[in-house]
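Remarks on the structure that follows.
Read-outs: derived from the displayed coordinates by stated rules, not from any lab. For clarity, every value in this text was computed on a predicted model and none was experimentally measured. Neighbour counts are summed over all protein chains in view; Cβ atoms, including those assigned to glycine, are modelled from backbone coordinates with ideal geometry.
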């Protein structure tokens, strides 16, 4: 039952049904989580059993040639096989023996971001996470339009699907140098310290398009839930498109985007937000009884007016 | 390894002769009808294929005709828009354009220097520096090999897009190795810095030939 291994999978091309599964959070360091993931993929692992807290390079949820002719196998081989692999390998050697070793990948990214004063592990951790997210944002035969809740939200927050496309493509094309463009779901918190939006409602949560430089991603900002990304580092498109970044972006939206993945990430984000709100509510209710004891000096018609729960 | 292939004696010697202006003086410029300089793509002093096998012709052509040209086109556009904004006293627009000017103008400056830094082997490309430059390198870095190592290390460590520079600090009178992000010119790292040699480590500069090595 303990199919654990510290080396990345030997097979580099195989089809996995996880393309349509909701992408799990990247808690690679959890032992049981690893086993669950592996069972779904039916991987044959090396016989040597080693329990390790290190991160593993997961392959994209489709064979490396599955995105041809849009994104060539050669690109995937370099982009995933060299760039992504290097980020993971370097991250593992950086966290070796530090207390980052026990954290999930997402936690590592946020901790090493260190409010903008990056710790050494940040670039590798963030790029490892970003690339996992990127592979899962695409699928063979992708593209088209989103549907259901996601489409409704897009139309509500951007006006129309076409306007969203425009904004996303522009962000991706105008990110100077290396970076990423994102569609994210933003909670309705004010971006000022611990200020709380007193009239928060579902309407205040919205979809936004953001762009980030180099390895930065929206996880490091509070209250942003990434839903979709496109890699606009030159290595992502140079082999197939040379200098023509706008062409790469158009074709990515037309033919590669996995709206299923985006939709399921949206559902996950909504669930997480609801959890957080319930937590916050619960905490508020627990603190209430103390402060709502009526001041004995105050006369009032009815005790029920003071300290009543709403 | 990269630095060795790129240093040329001629142009660097002229810089150390206290030509304070950067090598970009040779940038060709036409004049706009409104008196605004319109920048044009400078020619290379050698053929696209002349640097093989160090850098192949395909990369040189793409790099020169597409990337550099794009920076120039966008730089001209941004300057025109800036002129308009200043004339109309439109401060928000003037300030907003600064990013585009820094990026595209920087791209133009940096690449103009870059082309001058390269030369085919038969014209001296790749030969170690001699004379006062060689002496300065030995003084400040210990040896030419040490400089190469430092430049390589800085270049490899740079995350994302940027440049590695061998520069002269005019005030402190010493050579320095610096990196800048995106297309920031060396002067953004210090007003007294003069670029002597710049290496483009944007992925477009090497990807088709070296991939991510």
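Assorted remarks:
- Going by neighbour counts of Cβ atoms within 10 Å, the residues A:112, A:72, B:132 line up, fewest first, as B:132, A:72, A:112.
- Using the Cβ-Cβ distance between residue B:45 and residue A:93 with R0 = 60 Å, the FRET efficiency computed as 1/(1 + (r/R0)^6) comes to roughly 0.85.
- Once the chain from residue A:106 to residue A:278 is taken as fully extended at 0.36 nm per residue, the excess over their C-alpha distance is 59.7 nm.
- Cα-based equivalent ellipsoid of the range B:88-140: semi-axis lengths in Å, sorted from largest, via gyration tensor: 39, 15, 6
- Label-point gap, in nm, between residue B:171 and residue B:146 - each point 7 angstrom along Cα→Cβ: 2.5
- Percent RCO, i.e. relative contact order, over the range B:127-196, from Cα pairs under 8 Å lying at least 6 residues apart: 25
- Per-residue shielding of B:196-206, expressed as the average number of other chain Cβ atoms within 10 Å of the residue Cβ, stands at 2.
- Using a Förster distance of 60 Å, the FRET efficiency for residue B:77-residue B:132 (Cβ separation, nearest 0.05): 0.90
- Of A:272, A:282, the sequence from fewest to most neighbouring Cβ atoms within 10 angstrom is A:282, A:272.
- Value of relative contact order over the range A:92-174, rounded to a whole percent, pairs C-alpha under 8 Å and six or more apart: 16
- In the range A:58-141, Cα pairs under 8 Å separated by at least six residues give a relative contact order of 40 percent.
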